[in-house]
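Chemist: I have a structure I would like to understand better, so I am pasting it below and will then ask my questions one at a time.
The values are calculated or read from the model by the stated rules, or taken from the named source; none is laboratory data. Fair warning: this is a prediction, and the values are worked out from it, not measured in the lab. Cβ atoms come from the backbone with ideal geometry, glycine included; neighbour counts cover every protein chain shown. Calculation scope for accessible area: heavy atoms of the full protein, side chains included, ligands and nucleic acids excluded. Shrake-Rupley method; radii C 1.70, N 1.55, O 1.52, S 1.80 Å.
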Amino acid sequence: MAVCALCAAHTASAAPADRQALRSAFDALLSQPPLSGARASVEVVSLDDGAVVYSRRADEQLNPASNTKLVTAAAALLRLGPDFRFTTDFLSDRALDRRGHLQTLYVKGRGDPTLNTERLYGLAADLWHRGVRQVGEIVLDDTYFDAEKWGPGWEQETSDKAYAAPVGALSLNHNAVAIYLSPGDRPGQRARVELEPDADCFVLQNNVTTVREDARRKLRPHTYAEGERTRVAIDGRLPAKAEPVVLYRRVTHPAMYFGHTLRLALKQRGIRVGMRVKLGAAPASATLIASYDSDELSDVVRDMNKASSNFIAEMLVKALGAELKGPPGTWPKGIEVTQELLAELGVPRGSYQLRNGSGLNDTNRFSAHQMITLLTAVWKQFPVAAEFVSSLGIAARDGTMRLRMEGTDAAGRLRAKTGTLDKVTALSGFVQSLGGERFAFSVLVNDWSGRSAPVVSSVDRLGGILASSGGPDKEALAAALAPAELSPAELRARVVTYAAMAQARDKKNLAFLRSALRSERDPMVRVVVADALVRSDPEQGGGALLEAMPTSTDLFVKLRAVGRELSLPVPAVSPLLDMAVDGNAEALARLLALAPLARGAQHDVQLETLLSKGLADVADASGEELFAALRAAPAVQAQAAVELAAIGLTAAESDPARSALARVLKETRGAEASQAQAWLAILDRRVEAAPAPAPSQEGAHAGAAAGPASSGAAPAGPAEAAPPPGAALPRPAAPITATTLAPVASAAAAALSPAQAAVNASFGAAEPDWPVTVIPNPAWARSRANGSASSPPTAPAAGRAAPPAQQPACTAESSRCTPRAARPGG
């Protein structure tokens, strides 16, 4: 008892200092860019004593984005109960006869958001075992909900992506269809396109062409209504021998999607089914054949919050209305139920705006204080608290939090709901700090200028600060492992290490690379880290690389100088080209800024080869987007880019004058017509690659590039002498891998300080197969010191090839066909 009393006294005396340190850290972060230029509402409350630990503009009403799903989750769990199940009934106009014949099979839905193709095939098998052998027609009863398929505010959403799927009392696969694409046998052929499920409610229009093996892909699927059917149209190009691709798009008529897929499942099980599938209400006299229940509501809410499913959220709102206000379920009824609950929890009507259940688009308004009121109230509701908290994403572990806060004290300790829209980010949830205190927190940020990544990163830092409260001071360790300025040897070693990861393209490196991107401070190293991150998981997008790579070419020139010295491939450009082929304006701007480096006096031969091939693909696939980028770029950049595109098109034996860019230029009228004609003339000339510069020019350029302007570089010593004037720089004879880079890394490691060498030795001892020198980032080193770090990231060892990049899996269970990509509202 005495020991416990002393511990309690110590904690009580230490808490004020810890809280003051936390407040100071929050104030500092919120008072500097990028958060200082945004509207932010923040509140933190201790769940242990109820005290408000931090508050800044906590009552300001802001768009909470998908933090709205916290409101929907609370209403569903508290009003329906964690064990509630959705029921789907199969009925008939008469009892099943001896031959197993049913004239009419009615299916009455009650808003089950979990039904998927796999379960539907299971239901078909169950009907077979119940004796059903023939069905005359299928009648779909979706009257439990009204006919509105998209909620309030969704009219602002023009996308046909899966995150904007409609709702219905009879729904399937989150009302999204999977589109599988694989290339034809040779360039020029149509790509192979298949739908899953391949039901009769779809009309497929395949306009995807197979292109050369080293080209870049561009795919544009669209879905739109065609009566009661959904037309699926896919345009674009897919390189020969490319891995299959799966994309997801919403359907337009949920009930017919369900009905035709059910008909397909019944037929494949051996049940004869008539052609007719129609909408209609099941009569009260209909005989029940079978009734099927969903998973428990606690599991449904977990799926909603972990994956930030807009579809589930809106289905729950309508279900609340139908269950508590009577069918048909509508958005006004469901919102009314939710508002009644909020009033009971201490959030009065009229103090917020709530229009839908998902938070999609500019519809809802809440404050951080209101979010905290909701969180703390549900925390105290024992019957649902565990289910509510477990539904939230775990930092650096799962859900929409899986990619955030890796390498920080928040990893595994913080559970939160994310929110993401244009110029909107939100994070609300719970965390237990290193000091043992439990907090509820809410951070809502709106209306900043510039890119979103720094804002999200700053919000993550707030979460990390909260998680580290009361913990031991690790700043000394961080400073020892990450000096502010890197020595030339350290710089080269880090560049080599991350370049090896870029070539490995191994998803096992992702956690380490995300942590490195937060901890590395040298701008050149950050570009190489971001390059490796994007190459290791291209499906996650290239935002990290766009953020790390400035529009100015100075940093790239310095990085190329270091790369030439180490015989490394051109960094960053290939992922930028992948984004540019897809029409990304920021990637195009970065590439056009680099274009003059590949032409004229500088003439970077490797860069010219890469850019000419890639810009040829852009000119063919995204002519309008390239034209827009050319108009916005300085004349010298535009001129060089058009020349490079012409070189690439000519080398590919494709007529530049017949490219998509040329077609756009020919159609240009008005004030821009003269400039368009000048660029068109460059394409018509079929520009060819310029000869490699004379050795003296190349050597002089390399020497200038690697001179004092290089960040962290020093004059070359005897062991790393620069090539003499007139000597050609080395070019790799084979693809760069961790194995081929190991000798370079070893040479760089020889110049490390004793302290750094000791750190490297400790990592090498733990993983003897790691073939290159690792310069650990502070967060990883700190977690290793605590005994919580995972093994160092993997790269291909000698004699082993790097595994191919994996295709993305679905976010939720694969049978639900829910796309993994980040969605608006998430």
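Chemist: Looking for whichever is out of contact with any Pro (no Cβ under 8 Å at 6 or more places or on another chain), in contact (Cβ under 8 Å) with a residue 12 or more places away in the chain and open to solvent by less than 10 Å² (accessible area, probe 1.4 Å) here; the options are G436, G429, G412. Which one fits?
Modeler: G429
Chemist: When both residues are 6+ apart or on different chains and their Cβ atoms are under 6 Å apart, which pairs have a first residue that lies in region 100-114 and is under 23 Å from V317 (Cβ atoms), and a second that is acidic (D, E) and open to solvent by less than 10 Å² (accessible area, probe 1.4 Å)?
Modeler: Partner pairs satisfying both residue conditions: K108/D141.
Chemist: Any residue at all in region 305-319 that's in a helix (DSSP H, G or I), of a type outside the set (D, E) and without any contact (Cβ under 8 Å) to a residue 60 or more places away in the chain? Please lay out each step first, then the result.
Modeler: We begin by selecting, within region 305-319, every residue in a helix (DSSP H, G or I); these are 305-307, 310-319.
Then keep just the ones that are of a type outside the set (D, E); that gives 305-307, 310-313, 315-319.
Okay, now just the ones that are also without any contact (Cβ under 8 Å) to a residue 60 or more places away in the chain, so none.
Among the residues of region 305-319, not one is in a helix (DSSP H, G or I), of a type outside the set (D, E) and without any contact (Cβ under 8 Å) to a residue 60 or more places away in the chain, which makes the answer no.
Chemist: Quick one: A40 ticks every box in (1) touching a residue at least 24 places away in the same chain (Cβ under 8 Å); (2) part of a loop (DSSP other than H, G, I, E, B) bar one, so which box is it?
Modeler: Here A40 meets the rest and fails (2).
Chemist: What are the pairs with Cβ atoms under 6 angstrom where one residue, in region 662-673, is more than 16 Å from R685 (Cα to Cα) and the other, located anywhere, is open to solvent by 60 Å² or more (accessible area, probe 1.4 Å)? Sequence gap at least six, or different chains.
Modeler: If the second residue must be open to solvent by 60 Å² or more (accessible area, probe 1.4 Å), the pairs left are V664/E624.
Chemist: Okay, moving on. Which condition number in (1) on the phi < 0 side of the Ramachandran plot; (2) under 20 Å from the mean Cα position of the chain (by Cα) is the one that K423 fails?
Modeler: (1)
Chemist: Need the failing condition index for N356 against (1) open to solvent by less than 20 Å² (accessible area, probe 1.4 Å); (2) not in a loop (DSSP other than H, G, I, E, B), just the number.
Modeler: (2)
Chemist: Taking the conditions exactly as written (closer than 19 Å to D49 by Cα and either modelled with pLDDT of 95 or more or under 23 Å from the mean Cα position of the chain (by Cα) (or both)), does V384 satisfy them or not? Even if it seems obvious, please write down each step before you answer.
Modeler: Numbers: closer than 19 Å to D49 by Cα: no; either modelled with pLDDT of 95 or more or under 23 Å from the mean Cα position of the chain (by Cα) (or both): yes.
Taking the combined requirement at face value, the residue does not satisfy it.
Chemist: Taking A629 as the residue in question, decide whether it is at positive phi and either modelled with pLDDT of 95 or more or out of contact with any Leu (no Cβ under 7 Å at 6 or more places or on another chain) (or both).
Modeler: Values: at positive phi: no; either modelled with pLDDT of 95 or more or out of contact with any Leu (no Cβ under 7 Å at 6 or more places or on another chain) (or both): yes.
Judged against the criteria, A629 is not a match.
Chemist: Then there's this: Looking at (1) in a loop (DSSP other than H, G, I, E, B); (2) open to solvent by 30 Å² or more (accessible area, probe 1.4 Å); (3) in contact with a helix residue (DSSP H, G or I) (Cβ under 7 Å, 6 or more places away or on another chain); (4) not polar (S, T, N, Q), which is the one condition that is false for L78?
Modeler: Result: L78 passes all but (1).
Chemist: Quick check on my filter: what residues within region 99-146 are in a strand (DSSP E or B), open to solvent by 40 Å² or more (accessible area, probe 1.4 Å) and closer than 30 Å to T330 by Cα?
Modeler: Taking region 99-146 and keeping what is in a strand (DSSP E or B), we get 101-108, 134-141, 145.
In the following step, the residues that additionally are open to solvent by 40 Å² or more (accessible area, probe 1.4 Å) were identified as 101, 103, 108, 134.
K108, the sole residue that qualifies.
Chemist: A further question on this structure: Going residue by residue through region 366-377, is there one that turns out to be among the polar types (S, T, N, Q) and either in a strand (DSSP E or B) or farther than 15 Å from V45 by Cα (or both)?
Modeler: Here is the first cut: in region 366-377, the ones among the polar types (S, T, N, Q) are 367, 370, 373, 376.
Next, from what is left, pick out any that are either in a strand (DSSP E or B) or farther than 15 Å from V45 by Cα (or both): none.
No, every residue in region 366-377 fails to be among the polar types (S, T, N, Q) and either in a strand (DSSP E or B) or farther than 15 Å from V45 by Cα (or both).
Chemist: Also, quick follow-up: So is A673 small (G, A, S), at pLDDT 55 or above and open to solvent by 70 Å² or more (accessible area, probe 1.4 Å) or not? Explain how you work it out, then say what you get.
Modeler: Numbers: small (G, A, S): yes; at pLDDT 55 or above: yes; open to solvent by 70 Å² or more (accessible area, probe 1.4 Å): no.
Spelling it out, it is not the case that A673 is small (G, A, S), at pLDDT 55 or above and open to solvent by 70 Å² or more (accessible area, probe 1.4 Å).
Chemist: Continuing with the same structure: Here is a list: R216, R192. Which entry is on the phi < 0 side of the Ramachandran plot and either without any contact (Cβ under 8 Å) to a residue 40 or more places away in the chain or in contact with a strand residue (DSSP E or B) (Cβ under 6 Å, 6 or more places away or on another chain) (or both)? Step through it out loud before you land on a result.
Modeler: Numbers: R216 fails: either without any contact (Cβ under 8 Å) to a residue 40 or more places away in the chain or in contact with a strand residue (DSSP E or B) (Cβ under 6 Å, 6 or more places away or on another chain) (or both).
Criteria check complete, one pass: R192.
Chemist: What's the number of the only condition in (1) on the phi > 0 side of the Ramachandran plot; (2) buried (at least 22 other Cβ atoms within 10 Å of the Cβ); (3) more than 26 Å from the chain's Cα centre (by Cα) that S308 fails to meet?
Modeler: Unmet condition: (3).
Chemist: Among the numbered criteria (1) more than 24 Å from R212 (Cβ to Cβ); (2) in contact (Cβ under 8 Å) with a residue 24 or more places away in the chain, which single criterion is violated by Q677?
Modeler: Here Q677 clears every test but (2).
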